[in-house]
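Chemist: Sharing a structure below in C-alpha cells format, with a few things to ask.
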Amino acid sequence: MKIYAHRGFSYKYPEATRSAYQGAIDVGADGFECDVRLTKDGIAVCFHDRNTKRIAGVKKRVASLTLKELKAITEVITLEELLELANASNKEVLIETKHPVLSGGRVERVVSELSKSYKFTAMSFSLLAIFRLKREVIDVAFVIAHRWRLLYIPTKKVAIDIELLKKSNWARRRLKNHEVLVWTVNEESYIPKLREWKVAGVITDRPDLPFRLS
C-alpha cells in the first residue's frame with residue numbers, strides 16, 4: 001500500500017506548499033497528491049480552492065490572477081515545480097484537475113503537455129476531464145465520491161472516498177478488479193480495513209501515520 005501526501009504533509013505544514021511536500025519527503029511518503037488550477041497567464045499551480053480566501057484571507061479568484069500576482073498573496077508551487085521535486089526525490093505524483101473552472105478543458109491540455117516530460121497519474125471527478133486526459137496521458141484515475149458514479153467506471157485506477165468505501169459492500173465489490181486509491185485517510189483506525197480491502201494506495205494529510213506497519 002503506497003502513501004500519497006494529500007496536498008503534501010498538510011496536517012503539519014501549509015497545504016500544497018513546497019514545505020508541505022518537502023515534509024512528505026522527510027517522513028518517507030511514496031508520493032504527492034495535488035489539485036491543479038490555471039492562473040490567468042495559463043500556469044498550472046497546486047491550489048485546491050477556487051479563490052484565495054481560506055488560504056490567504058484575501059478573496060481573489062485564482063483564475064483571475066497571474067502567477068506573479070498569486071505569489072504576492074500566498075505561498076504557491078507550480079505543478080512543474082512539484083514534478084521537478086518529485087523527480088529529484090523519486091516520488092510519484094497524483095494530479096487532480098479541478099472543475100468547473102473558467103479555463104474549461106484547457107487545464108487538461110496543460111497537464112497532458114507536461115505528461116510528455118514527466119510521469120504521473122492524472123485524475124478528476126469530471127468524466128469529460130477524464131476523457132480529455134485519456135487521449136494523451138497513460139495513467140488516469142477516476143475520482144469517486146458518490147455511489148452512482150460507480151455505475152460507469154472509465155478507468156482501471158480509481159480514487160474513492162474512504163467513507164463511501166467503508167459503508168458500501170457494493171462499492172467494494174464493484175471495485176474488486178480495479179486499482180483503488182482511498183482518500184482522505186487521517187486516522188489509524190482505518191489501517192486494518194485498508195489492508196483487508198487490499199487498496200493500492202492511501203491519500204492522507206498525515207503521511208507519518210504507520211500505514212505500512214503490520
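The values are calculated or read from the model by the stated rules, or taken from the named source; none is laboratory data. The model shown is predicted, which means the values in this text are computed figures rather than measured ones. When we count neighbours, we look across all protein chains shown, and the Cβ atoms used for this are built from the backbone with ideal geometry, even at glycine.
Chemist: Return a yes/no flag: does region 184-193 have any residue that is more than 22 Å from Lys98 (Cα to Cα), of a type in the set (Phe, Trp, Tyr) and touching a residue at least 24 places away in the same chain (Cβ under 8 Å).
Modeler: Yes, because at least one residue in region 184-193 is more than 22 Å from Lys98 (Cα to Cα), of a type in the set (Phe, Trp, Tyr) and touching a residue at least 24 places away in the same chain (Cβ under 8 Å).
Yes/no per residue for (1) in contact with a Lys or Arg (Cβ under 8 Å, 6 or more places away or on another chain); (2) farther than 16 Å from Thr204 by Cα:
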{"position": "Ile25", "(1), (2)": "yes, no"}
{"position": "Ala29", "(1), (2)": "yes, no"}
{"position": "Phe32", "(1), (2)": "yes, no"}
{"position": "Arg37", "(1), (2)": "yes, yes"}
{"position": "His48", "(1), (2)": "yes, no"}
{"position": "Thr52", "(1), (2)": "yes, yes"}
{"position": "Arg61", "(1), (2)": "yes, yes"}
{"position": "Ala72", "(1), (2)": "no, yes"}
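Conditions tested, residue by residue: (1) more than 18 Å from the chain's Cα centre (by Cα); (2) within 17 Å of Lys12 (Cα to Cα); (3) of a type in the set (A, V, I, L, M, F, W, C); (4) surrounded by fewer than 16 Cβ atoms within 10 Å (Cβ to Cβ).
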site	(1), (2), (3), (4)
Ala29	no, yes, yes, no
Asp35	no, no, no, no
Asp41	yes, no, no, yes
Cys46	no, no, yes, no
Asp49	no, no, no, no
Thr66	yes, no, no, yes
Lys71	yes, no, no, yes
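Chemist: Have a look at Asn177, Asn186 and point out the one that is in contact with a Leu (Cβ under 8 Å, 6 or more places away or on another chain) and polar (S, T, N, Q). Step through it out loud before you land on a result.
Modeler: On the way: Asn177 fails: in contact with a Leu (Cβ under 8 Å, 6 or more places away or on another chain).
The match here is Asn186.
Chemist: Now for a separate question. Within region 48-58, is even one residue of a type in the set (A, V, I, L, M, F, W, C), modelled with pLDDT of 95 or more and more than 14 Å from Arg7 (Cβ to Cβ)?
Modeler: Yes, there is a match, as at least one residue in region 48-58 is of a type in the set (A, V, I, L, M, F, W, C), modelled with pLDDT of 95 or more and more than 14 Å from Arg7 (Cβ to Cβ).
Chemist: Please find, among Ser115, Ser19, the residue that is under 24 Å from Asn186 (Cα atoms) and either modelled with pLDDT under 95 or of a type in the set (Ser, Thr, Tyr) (or both). Full working, then the answer.
Modeler: On the way: Ser115 fails: under 24 Å from Asn186 (Cα atoms).
Only one candidate passes the filter, namely Ser19.
Chemist: Looking at Phe131, Phe120 in this structure, which one is surrounded by 14 or more Cβ atoms within 10 Å (Cβ to Cβ), within 30 Å of Asp41 (Cα to Cα), under 19 Å from the mean Cα position of the chain (by Cα) and free of Cβ contacts under 8 Å to residues at least 24 places away in the same chain?
Modeler: Details: Phe120 fails: free of Cβ contacts under 8 Å to residues at least 24 places away in the same chain.
Residue meeting the stated conditions: Phe131.
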